[in-house]
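Written below as structure tokens is the structure these notes are about.
The values are calculated or read from the model by the stated rules, or taken from the named source; none is laboratory data. None of these values were measured; they are calculated from a predicted model. Glycine also receives a Cβ, built like all others from the backbone with ideal geometry; neighbour counts cover every protein chain displayed.
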Amino acid sequence: MSSQSQPNAGQPLLSLRRAIDIFTISVCGLFLELMLIRWIGTEVRIFAYLQNTVLIVCFLGLGMGCFTSHRPASLRNLLLALAGLTVLLALPPTRAILANITNLLSVLDDLLIWERSNYEGLPATIARVVAGLTLTLGLMVLVFEMFVPIGRLLGRLMDTRAQVIRAYSINVAGSLLGIWLFVALSAWSLPPIVWLLVACVLLLPFVWVSSESRLVNLALVAVLLVAGVFVGREPLALETHWSPYQKLVLKPADPEHYGWDGRLITVNNAGYQAMIDLDRERVAANPRIAAALNGLSQYDLPLRFKRNPQQVLIVGAGSGNDAAGALRGGAEQVTAVEIDPAIIDMGRRHHPERPYDSPHVKIVNDDARSFFATTAERYDLIIFGLLDSHTTTAMTNARLDHYVYTRESLLRARQLLAPEGVMVLSFEALKPYIADRMANCLREVFGQEPLAFRIRANTTGWGGVMFVAGDSNGIERAIAADPALASYIARCQAESPLNLTYQTAAATDDWPYIYLEQPRIPTLYYLLAGLMSMLLWYGKRRLEIPLVGGDWQRSDAHFFLLGAAFLLLEVQNISKASVVLGNTWVVNAVIISAILLMILLANCLVARFGNFPRPAVFTLLVTTCLGIYWIDLSTFAFLAYPLKALLVGGLTTLPMLFAGMIFIDSFDRTDDKARALGANLIGSLVGGMLQSLTFVIGIKALLLLVAVSYLGAWLTRPTPETRTAPLGGDDLDGQPLLGRAKLADVPSKMGPIASPA
């Protein structure tokens, strides 16, 4: 900022038309980004575990669009790509081909993705991986093509000499609205056709004033909306719900296959839960189920280790099987915690035993970790249901269930046990090291080895490894007094022996990756980085733009490093908040919104006061990053939730205040603002890829990388001497970007915003 004047002093006013356009395209960009992350991750399940893949492709398209904002921004390219993706996901044959990407890449089993694949030899494995990566690259190209026009529009609109801080604040405010618009649609469980309709409404003003054939563009809108009606439809589906977390489909169970007439729930097109009727009278009338039970089911077992408990806590309660088992076992009061409201609703309406209608059951819609931190109750029995996730948290490598099984989480759960309390943890450990990790973690928490045995899947349950810990004397007495239970455990241990070495490192809040055998970056992430390099090469060739070398400038490096550090810091914030506040969609949305609000506050401070010494701001930025590194936020878990949320949110987002002040100061200094935005977005892409380092160094160490990136940004900061004269040509302000005039009619040496493809 110039020391001679306040920010924006003497600058021309930002026109109302430009302000509206900046706001609208910002809303549209964030909404479309979140929509694609959610939608592609639902239909192509491997992306539910690799959400950042879609995110960084969006950044690449936006960044390259900003870098080439002087070229035509063809809305037709965006609509063609979006319509193409919609048609591919609407037609059953092509949707099945894309869904098979998960199966093709599951042979890379160093990262468990809940897909069983048999090794078929090296040639077959290579062929499957190549096929899966080829299909993945095709999807990435479609997403990239959607965001190049948005980046060009945004770059054109932001490349202004009129009230820079106000323009950037409008951009951030639009992004904030885009986030909450999609969050609201998800909270209402609205399907993709509604998402597509909203996206088209947001794009319509730009399509309408485009110099391209309006009729063709409107026809493309019609095609994608018609195709969108058929998106997500499943054969035999009784109900389909798009919860805030995942796609849930309720289907009838085949009595011939399962042995009972009930309901199945699939998540992101994979089998997930079954609503099983194990009422004693109905079981007695069904010889097939009675024979499979042999007097016990996996849902009845916990109550055999702790008879007639007064208080039972179930986390991962799902649609009600565990709660029904607790009621059958004589539990006085059951607290059932489930993160997904749609699963609770389906269980309430469809479970044959109606456990959620019982006055003895209290339902809590919350994340298990959040509930652990907030409850003051003590429980005689704590049951971990088959709590496994098919999606990651927002913008991180961690899945929804990761933080439930860390040492810190299980230690807190142990503190909730009443004297002589028992904990029963069930988990589908598809790999031996996963069972060993769980057993080792429980041994560290309870100071003794847990009882462990594998339950085979049968008509009364989907099986898994069951661990029993807590009051060891009470557990031994319960087994000794129950010959049927003792016989059942002995049979399970004989039929499916577990080789527990207690050598696999326990998961922690800093390294929560329960599905990785040891700290390392999975092979799939290296391959995805290779695909990203190919996409970068494709973008450079198609858009004819040098991004490294050539005309790469000092200020480009500055904005690049700010972008990389920003995204890494955002990942850190969400991870830390998940540990203390829970891993719910509300927490994730609030933290991301708090980051954007902190940026708006930074803009207000610079606009109001200006002239902040840049060395002091950089020092505060690096100091706060390092300070958060040493603060254990989990120590605030005991506080009341509003106070805790305010404290954790404020501490984690504080560096964003100083980062925002630095960005807007540098952004105001540069004359090529579209290029600055492009470099910043490309940096965010790299930051998204660098977060894979958490698999090796842990999450907290990202803060050190953030601090180093900000130091690099300081060394490459724009200076008054590097500022060049403003670009020639007429400014866009005062010209109608939304209205009757075509975008191509706006005078500027940068060229038309839209023209025929």
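I'm trying to understand the selection: among the residues of region 16-42, which are charged (D, E, K, R) and either surrounded by fewer than 23 Cβ atoms within 10 Å (Cβ to Cβ) or within 19 Å of Trp585 (Cβ to Cβ) (or both)?
Initial filter on region 16-42 (charged (D, E, K, R)): 17-18, 21, 33, 38.
Result: Arg17, Glu33, Arg38.
On the given criteria, is Trp195 farther than 30 Å from Val586 by Cβ and aromatic (Phe, Trp, Tyr)?
Values: farther than 30 Å from Val586 by Cβ: no; aromatic (Phe, Trp, Tyr): yes.
The answer is no for Trp195.
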Quiz prompt | Qualifying residue in region 478-498 (condition: surrounded by fewer than 20 Cβ atoms within 10 Å (Cβ to Cβ) and under 22 Å from Leu410 (Cα atoms)) | solution = yes
Practice problem: Determine whether Gly688 is closer than 28 Å to Ser555 by Cβ, of a type outside the set (A, V, I, L, M), modelled with pLDDT of 90 or more and part of a helix (DSSP H, G or I). | Solution: no
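Condition first: buried (at least 18 other Cβ atoms within 10 Å of the Cβ) and either modelled with pLDDT under 90 or over 22 Å from Val590 (Cβ atoms) (or both). Now tell me which residues in region 623-650 satisfy that. Full working, then the answer.
Quick first cut of region 623-650, residues buried (at least 18 other Cβ atoms within 10 Å of the Cβ) only: 624-625, 628, 633, 637, 644-645, 648-649.
Correct list: Cys625, Ile628, Leu633, Ala637, Lys644, Ala645, Val648, Gly649.
Counting only residues that are hydrophobic (A, V, I, L, M, F, W, C), modelled with pLDDT of 95 or more and in a strand (DSSP E or B), which one in region 410-427 is farthest from Thr508 (Cα to Cα)?
Taking region 410-427 and keeping what is hydrophobic (A, V, I, L, M, F, W, C), we get 410-411, 413, 416-418, 422-425, 427.
From what's left, modelled with pLDDT of 95 or more: 410-411, 413, 416-418, 422-425.
Restricting the remaining residues to those that are in a strand (DSSP E or B) gives 417-418, 422-425.
Values: Leu417: 21, Ala418: 24, Val422: 22, Met423: 19, Val424: 20, Leu425: 17 Å.
Among them, the one singled out is Ala418.
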Quiz item: So which of Leu430, Leu386 ends up being at pLDDT below 95, under 23 Å from Tyr49 (Cβ atoms), out of contact with any strand residue (DSSP E or B) (no Cβ under 7 Å at 6 or more places or on another chain) and among the hydrophobic types (A, V, I, L, M, F, W, C)?
Solution: Leu430
Quiz item: If we keep just the residues of region 582-609 that are in a helix (DSSP H, G or I), within 31 Å of the chain's Cα centre (by Cα) and among the small types (Gly, Ala, Ser), which is surrounded by the most Cβ atoms within 10 Å (Cβ to Cβ)?
Solution: Ala602
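Scan region 347-383 for residues that are among the hydrophobic types (A, V, I, L, M, F, W, C) and at pLDDT 95 or above and jot them down.
Looking only at region 347-383, we keep the residues that are among the hydrophobic types (A, V, I, L, M, F, W, C), and these are 361, 363-364, 368, 371-373, 376, 381-383.
Once the filter is applied, which keeps residues that are among the hydrophobic types (A, V, I, L, M, F, W, C) and at pLDDT 95 or above, region 347-383 yields Val361, Ile363, Val364, Leu381, Ile382, Ile383.
Let me confirm something: among Phe612, Phe667, Phe663, which residue is outside the structural domain of Ile22 (by TED's automatic domain parsing), in contact (Cβ under 8 Å) with a residue 24 or more places away in the chain, part of a loop (DSSP other than H, G, I, E, B) and among the aromatic types (Phe, Trp, Tyr)?
Answer to the check: Phe612.
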Quiz item: Residue check: is Arg161 charged (D, E, K, R) and either surrounded by 19 or more Cβ atoms within 10 Å (Cβ to Cβ) or not assigned by TED's automatic domain parsing to the domain that holds Ala73 (or both)?
Solution: no
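Kindly indicate whether any position in region 137-145 is modelled with pLDDT under 90 and hydrophobic (A, V, I, L, M, F, W, C).
Start the filter on region 137-145 by keeping residues that are modelled with pLDDT under 90, which leaves none.
The answer is no, given that none of the residues of region 137-145 is modelled with pLDDT under 90 and hydrophobic (A, V, I, L, M, F, W, C).
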Quiz item: Can you find a residue in region 528-535 that is outside the structural domain of Ser69 (by TED's automatic domain parsing) and crowded, with 16+ Cβ neighbours inside 10 Å?
Solution: no
Self-check item: Meets criteria (farther than 18 Å from Asp322 by Cβ, modelled with pLDDT under 95, of a type outside the set (Lys, Arg) and more than 39 Å from the chain's Cα centre (by Cα)) for Ser487
Solution: yes
Quiz item: Pairs, please: C-beta under 7 Å, at least 6 apart or cross-chain, first residue within 15 Å of Trp537 (Cα to Cα) and in region 131-153, second part of a helix (DSSP H, G or I) and hydroxyl-bearing (Ser, Thr, Tyr)?
Solution: Val141/Tyr538
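Taking the residues in region 358-391 that are among the charged types (D, E, K, R) and either crowded, with 17+ Cβ neighbours inside 10 Å or touching a residue at least 60 places away in the same chain (Cβ under 8 Å) (or both) as candidates, determine which candidate is nearest to Glu420 (Cα to Cα). Don't jump to the end; show me each part of the working.
At the first step, the residues of region 358-391 found to be among the charged types (D, E, K, R) are 362, 366-367, 369, 377-378, 380, 388.
With the extra rule that they be either crowded, with 17+ Cβ neighbours inside 10 Å or touching a residue at least 60 places away in the same chain (Cβ under 8 Å) (or both), the set shrinks to 366-367, 369, 377-378, 380, 388.
Working: Asp366: 26, Asp367: 26, Arg369: 22, Glu377: 15, Arg378: 11, Asp380: 7, Asp388: 28 Å.
Among residues in region 358-391 that are among the charged types (D, E, K, R) and either crowded, with 17+ Cβ neighbours inside 10 Å or touching a residue at least 60 places away in the same chain (Cβ under 8 Å) (or both), the one nearest to Glu420 (Cα to Cα) is Asp380.
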Quiz item: Can you name the number of the only condition in (1) of a type in the set (A, V, I, L, M, F, W, C); (2) in contact with a helix residue (DSSP H, G or I) (Cβ under 6 Å, 6 or more places away or on another chain); (3) modelled with pLDDT under 90 that Leu562 fails?
Solution: (3)
Practice problem: Return yes when Leu296 is among the aliphatic types (A, V, I, L, M), surrounded by fewer than 20 Cβ atoms within 10 Å (Cβ to Cβ), touching a Lys or Arg at 6+ places or on another chain (Cβ under 9 Å) and more than 30 Å from Pro244 (Cα to Cα) and no when it is not. | Solution: yes
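Hey, can you tell me all the residues within region 223-247 that are of a type in the set (D, E, K, R) and over 18 Å from the mean Cα position of the chain (by Cα)? Give the derivation first.
Step one: filter region 223-247 for residues of a type in the set (D, E, K, R), giving 233-234, 239, 247.
Arg233, Glu234, Glu239, listed by residue number.
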Self-check item: region 248-277 - residue that is over 30 Å from the mean Cα position of the chain (by Cα) and modelled with pLDDT of 80 or more and, of those, nearest to Ile193 (Cα to Cα)
Solution: Ala253
Practice problem: Take region 480-494 and flag every residue that is in a helix (DSSP H, G or I) and without any contact (Cβ under 8 Å) to a residue 40 or more places away in the chain. | Solution: Ala480, Pro483, Ala486, Ser487, Ile489, Ala490, Arg491, Cys492, Ala494
Practice problem: Go through Leu177, Leu197 for me and flag whichever is in contact with a helix residue (DSSP H, G or I) (Cβ under 7 Å, 6 or more places away or on another chain), within 18 Å of Leu601 (Cα to Cα) and either of a type in the set (Ser, Thr, Tyr) or surrounded by fewer than 19 Cβ atoms within 10 Å (Cβ to Cβ) (or both). | Solution: Leu177
Quiz prompt | Residue within region 435-453 that is at pLDDT below 95, in a strand (DSSP E or B) and either surrounded by fewer than 19 Cβ atoms within 10 Å (Cβ to Cβ) or in contact with a helix residue (DSSP H, G or I) (Cβ under 9 Å, 6 or more places away or on another chain) (or both) present | solution = no
Quiz item: Only one of (1) crowded, with 22+ Cβ neighbours inside 10 Å; (2) touching a Ser or Thr at 6+ places or on another chain (Cβ under 7 Å); (3) at pLDDT below 90; (4) assigned by TED's automatic domain parsing to the domain that holds Leu605 is not met by Pro655, so which one is it?
Solution: (3)
